[in-house]
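Quick note: the coordinates plus some simple rules give every number you see, no bench work behind them. Bear in mind that the values here come from a model prediction, so they are computed numbers and not experimental data. Quick reminder, even Gly has a Cβ in these numbers, built from the backbone with ideal geometry, and neighbours come from all protein chains shown.
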Amino acid sequence: MAADIKQMNIDEQVAYLMQGCDYGDAETKRNMEKELRARLIESAETGKPLRVYLGVDPRTTDLHLGHTVPMRKLRQFQELGHTCTFLIGSFTSTIGDPSDKDKTRPQLTLEEVMANAKTYTEQAFKILDPEKTEIRYNHTWLAPLTFGELIKLAANFTVQQFLARDTFAKRYSKGDPIWLHEFFYALMQGYDAVALETDVQVGGTDQIFNIMTAGRKLQQALGQKPQVAVIVPLLPGTDGEIKMSKSLGNHIAINLAPADMYGKVMSLPDDVMPLYFKLVTRYLPDQIAAIEQALAAGSRHPRDIKMELAREIVAIFHGDEAAREAEAQFKRVFQQRQLPTEMPERVLAEAMPVVDLIVAAGFAKSKSEARRLVKQGGVSLNDQPVREIGREIAPAETPAVLKVGKRKFLRLLPA
Ligand code: ATP
Ligand code: MG
């Protein structure tokens, strides 16, 4: 495949790089396509690879499947010979991106974010080509900026431009505080593009303001050519609806163990499967179309399609062998014991008494009824009877299935 990619003409390259991109409006897409084409032509003529960047904020220790969507785009640029910067937002993280949030985010220290970022590079190289990746940290140029320099940057924007943003507009109309430092997030990210002298910035649709309004504007103001925005759609989290995000807890971390990763994918709602195939797998468009058709026609069981998805995702991060093993384990646990694949779930962040779990799941009306069920021998954890009324389940015992009576199941997942 890589050989074919090198043979692509400019039109094919533009189509390849723009495939699946989403700008929310057709005109912006056309403009970005035009600018990308011009840059690719220039790069072919001068022999200078394009400088492409993606920034990720280490507010927690995990990269997740959502991050792999823009990372995969970066990888495509690498396949075409361009240079990519994986920017660790060591300074931006201390504030936190307000783009997709309706509340002010707690500030973190540089020490905290550097500790979170410890394994970021290693995780990123599961998708990116290490030979063609530069790793940078944005505190190296953002921390030394002086107040005077900051004012010059800020003078390129109006307060109205910021207040027009959805997240700020909502807070403004509700009378919720919008702290002044939150406006600086977009400025900082915009300045990253200036410091890196980028040709292209990749990001999800939540980044349109940071990349287009802030980044392009600052580059122009400081005498650079504005970067081309390559915007990818957002992957929903395990709830199937809201953007997968490390701060919402609906994410699938890319360094999860194979069995846990397989199990989390199996817990996705059926209707998001096509989007997952499109955004996180290595499947080609015609393979994805065949899956969509099979789902619509009901010619394949959705569970089997989900198992294929889970196998592919585990294979990407852990290899084919681990994917096969995870699947075999899943089948042993869920199919041979004739457990349903769809069941309510609960993430166990701390140890919890079995009786409380039974009541919380709605399997018993009261604690005394739950205790009675335990006493009668009607409760089991992974097929092992639970006999002690005071039994607690610890997060280390998950993933596991709690069975109550003959037909009530609760899947317990690690946090
Ligand atoms: P936070 O909730 O702290 O903002 P995050 O999960 O959104 O965290 P970021 O570091 O803010 O992660 O995002 C880095 C890049 O990855 C951005 O370009 C963002 O658009 C993209 N990204 C994050 N989540 C997703 C997702 N679910 N689907 C596609 N792209 C995503
Ligand atoms: Mg974010």
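Which of the three applies to region 1-79, rounded, prolate or oblate, going by the alpha-carbon gyration tensor with a ≥ b ≥ c and a/c under 1.5 meaning rounded?
Since a/c reaches 1.5 and a/b is larger than b/c, the shape of region 1-79 is classed as prolate.
Out of residues 5 or more away from L235 or on other chains, whose amide H comes under 5 Å of its own, with H placed 1.01 Å from N in the peptide plane?
Amide H neighbours of L235, under 5 Å, 5+ apart: M244.
At 0.36 nm per residue, and after removing the present C-alpha to C-alpha distance, how many nm does the segment from M352 to D4 gain when stretched out fully? Don't jump to the answer; show the numbers that get you there.
On the way: separation 348, 0.36 × 348 = 125.28 nm, distance 5.47 nm.
Taking M352 through D4 to full extension adds about 119.8 nm, to one decimal.
I'd like the trypsin sites (Lys or Arg not before Pro) in region 304-390 restricted to DSSP loop residues with at most 15 other Cβ atoms within 10 Å, sorted by number.
Those that pass, being in a loop and sparsely packed, are R337, K365, R387.
Counting other Cβ atoms within 10 Å, keep those with at most 14, restrict to DSSP loop, and tell me which GluC sites (Glu not before Pro) in region 1-60 are left.
Here no GluC sites (Glu not before Pro) fit, given the DSSP loop and packing criteria.
Whole Å is fine, so just give me how far the alpha carbon centre of region 117-151 lies from that of region 238-306.
The distance from the Cα centre of region 117-151 to that of region 238-306 comes to 30 Å.
Could you list which residues have their amide H under 5 Å from that of Y53, counting only those 5 or more apart in sequence or on another chain, with H placed in the peptide plane?
Placed amide hydrogens put T85, V200, Q201, V202 under 5 Å from Y53.
Just list whichever of K48/K73; K306/K331; K306/K406 have alpha carbons separated by over 21 Å in the model shown.
Over 21 Å apart, Cα to Cα: K306/K406.
Go through region 68-110 and name the trypsin sites (Lys or Arg not before Pro) that are in a DSSP coil and have 16 or fewer other Cβ atoms within 10 Å of their Cβ.
Filter output for region 68-110: K101, K103.
So what are the ³J(HN,Hα) numbers for region 123-134, from phi and the Karplus equation (6.51, -1.76, 1.60; θ = phi - 60°), rounded to whole Hz, Gly and Pro as x?
Values per residue, Gly and Pro as x: 5, 5, 6, 6, 10, 7, 8, x, 5, 10, 10, 9 Hz.
Which order do I313, I178, I389 fall in if you start with the one that has the fewest other Cβ atoms within 10 Å?
So the ranking, lowest neighbour count to highest, is I389, I178, I313.
GNM, the chain, Cα, under 10 Å: largest mean-square fluctuation among G89, G203, G378?
Highest fluctuation among the options: G378.
Mind telling me which of T85, T46, T109 comes out most flexible in a GNM of the chain, alpha-carbon contacts under 10 Å?
Result for the chain, Cα springs under 10 Å: T46 fluctuates most.
Under 10 Å, Cα contacts only: if you run a Gaussian network model on the chain, which one of V314, V379, V359 comes out with the highest mean-square fluctuation?
Top of the fluctuation ranking is V359.
At R0 = 45 Å, how high is the FRET efficiency between I389 and D129 if r is their beta carbon distance? Nearest 0.05 is fine.
FRET efficiency, I389 to D129: 0.20.
From the backbone phi of region 58-68, what are the Karplus-calculated ³J(HN,Hα) couplings (6.51 cos²θ - 1.76 cosθ + 1.60, θ = phi - 60°) in whole Hz, Gly and Pro given as x?
x, 7, 9, 7, 10, 8, 10, 4, x, 5, 6
K101: which lysines have alpha carbons under 22 Å from its alpha carbon, excluding same-chain residues fewer than 8 sequence positions away?
K170, K174, K243, K246
Round to a whole angstrom and tell me the spacing of the C-alpha centers of region 359-375 and region 5-24.
What the calculation gives is 57 Å, centre to centre.
Rounded if a/c is under 1.5, else prolate if a/b beats b/c, else oblate: with a ≥ b ≥ c from the C-alpha gyration tensor eigenvalues square-rooted, which is region 150-237?
It comes out oblate by the Cα gyration axes.
With the contact rule set at Cα under 8 Å and sequence spacing of 6 or more, what percent relative contact order holds for the chain?
13 percent
Helix 180-196 sits at what angle to the longest principal axis of the chain, using alpha carbons and giving 0 to 90 degrees rounded to 10?
Approximately 60 degrees, to the nearest ten.
Which of rounded, prolate, oblate describes region 129-178, given a ≥ b ≥ c as roots of the alpha-carbon gyration tensor eigenvalues and a/c under 1.5 marking rounded, otherwise prolate only if a/b is larger than b/c?
oblate
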